[in-house]
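Report on one structure; see the data block that follows.
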Number of protein chains: 2
Amino acid sequence: MTATMPSATPSSARRRLDRAALVTGNLDKLAEAERICGFSLRHEEIDLPEIQSSDLAEVAREKALEAWRRLQQPVIIDETSLELAALNGFPGPLVKFMLDAVGPEGIAGTAAALADSGASAVCLLVLYDGRDMVFGQGRTEGRLVLPARGAGGFGFDTVFEPEGEILTFAELGDTGKDEIGHRGRAWRALVAELA
Amino acid sequence: MTATMPSATPSSARRRLDRAALVTGNLDKLAEAERICGFSLRHEEIDLPEIQSSDLAEVAREKALEAWRRLQQPVIIDETSLELAALNGFPGPLVKFMLDAVGPEGIAGTAAALADSGASAVCLLVLYDGRDMVFGQGRTEGRLVLPARGAGGFGFDTVFEPEGEILTFAELGDTGKDEIGHRGRAWRALVAELA
């Protein structure tokens, strides 16, 4: 198994991805997506309002509809969630706000203080062309660790250690992270759906 | 100082409140508002999407605009926030999702585990008539306690002990809570703005 797309990405999938724009203000998500796919993606950096919801699919779906309304071209939305076992899945899709407030160490510190380091990282991709919505979801189980370790990645990568690994996402490097990470799995799932 | 509105609520303020509908799906907020005001309020229970933001004013403002678009009549929005000192103000306006996930005891337990029980309860009211937006904000400092205590109130009332009190909002009773609580202060601030 390779970390990037199989070189034989079905041409139907490739055509649909080529027509779509990844709509995100997060350039780290774009870089990771292009690395995983192995080719460049169109990119639109528009500020989309996000609805408040703890339901990842609902947040992504609404965002895709709004992006389509504004751009009138096929769009891809990347929504990420971090579910803490100690908080029954909170903050989930609201993780970006918890990162803004306390950083990755603050999130890991909360899990540690509550004596349950279990966490799931989830990435949900939605491709919407104004007619059909195609989803690709990737999930990686793991635990939050302190101190933060590694120089790669972004977001909570320095404190997230995938199950069965002794390295954090940030220490695993691009290839390692893409292979077992939530975003790599989500892109491969999306391509499989498009094939 | 009384917990309810001064009986001499300026007639201009009363007229504007009478024309407006409190838009909320939370009947506890409605009951508390009517108790504080001392008169009935129109009420609309529509499901408004809320934008994701850790900025209380931004959430309330967008919700007021959307409520006006749908109802085409003056609207009042009540947005509540709980800022944990241990989490640099998180979850803020996202407190409803943390309540859904772990309940009031889970929030207080998080603060306790992080060894900082300090918290601020904030209520922001927005009256919007399609032209002017009038704000009323109330803030109450306090701390989160365990075990939860008291049978009154709702939300995080059983675990929130206002500064200088030995009772939680839920133990203080309606009059006590309205007098020093974030929502009572917000309504009185709104009326003062409207006078």
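There is no residue in the range B:115-132 that is facing chain A (nearest Cβ under 9 Å) and without any contact (Cβ under 8 Å) to a residue 24 or more places away in the chain. Select from the range A:66-95 the residues that are away from chain B (no Cβ under 14 Å) and either buried (at least 18 other Cβ atoms within 10 Å of the Cβ) or of a type in the set (A, V, I, L, M, F, W, C) (or both) and write down the one among them that is farthest from the chain's Cα centre (by Cα). Looking at the filtered set, the residue picked out is A:Leu71.
Annotation: A:Glu141 fulfils all but one of (1) within 14 Å of chain B (Cβ to nearest Cβ); (2) assigned to a strand (DSSP E or B); (3) surrounded by fewer than 18 Cβ atoms within 10 Å (Cβ to Cβ); the unmet one is (1).
Report yes if A:Val159 is open to solvent by 10 Å² or more (accessible area, probe 1.4 Å) and more than 12 Å from the chain's Cα centre (by Cα), otherwise no. No. Within the range A:152-164, the only residue that satisfies the criterion of being in a helix (DSSP H, G or I) and of a type in the set (A, V, I, L, M, F, W, C) is A:Val159. Here A:Glu32 fulfils each of the conditions (1) open to solvent by 50 Å² or more (accessible area, probe 1.4 Å); (2) in contact (Cβ under 8 Å) with a residue 40 or more places away in the chain; (3) among the charged types (D, E, K, R) apart from (1).
Against the list (1) in contact with a Gly (Cβ under 9 Å, 6 or more places away or on another chain); (2) modelled with pLDDT of 95 or more; (3) open to solvent by 10 Å² or more (accessible area, probe 1.4 Å); (4) under 27 Å from B:Ala192 (Cβ atoms), the condition B:Asp55 fails is (2). Within the range A:52-79, the set of residues being in contact with a helix residue (DSSP H, G or I) (Cβ under 9 Å, 6 or more places away or on another chain) and within 22 Å of A:Arg16 (Cβ to Cβ) comprises A:Gln73, A:Pro74, A:Val75, A:Ile76, A:Ile77, A:Asp78, A:Glu79. Look at (1) open to solvent by 60 Å² or more (accessible area, probe 1.4 Å); (2) modelled with pLDDT of 95 or more; (3) part of a helix (DSSP H, G or I) and you find that B:Gly109 fails only one, number (1). Taking the criterion of being within 20 Å of A:Leu124 (Cα to Cα) and either of a type in the set (Asp, Glu) or more than 16 Å from the chain's Cα centre (by Cα) (or both), the residues of the range A:164-195 that qualify are A:Asp174, A:Asp178, A:Glu179, A:Ala192, A:Glu193, A:Leu194, A:Ala195. Residue count for the range A:44-65 under the criterion of being more than 11 Å from every other protein chain (Cβ to nearest Cβ) and within 25 Å of A:Ile180 (Cβ to Cβ): the result is 3.
Taken over the range A:44-65, residues that are under 16 Å from the mean Cα position of the chain (by Cα) and outside any loop (DSSP other than H, G, I, E, B) amount to 8. Take the residues in the range B:97-106 that are surrounded by fewer than 20 Cβ atoms within 10 Å (Cβ to Cβ) and in contact (Cβ under 8 Å) with a residue 12 or more places away in the chain, then tell me which one is farthest from the other protein chains (Cβ to nearest Cβ). Here the answer is B:Glu105.
Being hydrophobic (A, V, I, L, M, F, W, C) and in a loop (DSSP other than H, G, I, E, B) is the filter; apply it to the range A:165-195 and report the residue that is surrounded by the most Cβ atoms within 10 Å (Cβ to Cβ). Per the criteria, the residue is A:Leu167. All conditions but one from (1) closer than 16 Å to B:Leu84 by Cα; (2) out of contact with any Pro (no Cβ under 8 Å at 6 or more places or on another chain); (3) part of a strand (DSSP E or B); (4) open to solvent by 30 Å² or more (accessible area, probe 1.4 Å) apply to B:Phe135; the one that does not is (1).
The values are calculated or read from the model by the stated rules, or taken from the named source; none is laboratory data. On a predicted model such as this, the values are computed, not experimentally measured, just so you know. Neighbour counts are summed over all protein chains in view; Cβ atoms, including those assigned to glycine, are modelled from backbone coordinates with ideal geometry. The protein model used for the area step is the full one, side chains on, heavy atoms only, and it has no ligands, DNA or RNA in it. Shrake-Rupley method; radii C 1.70, N 1.55, O 1.52, S 1.80 Å.
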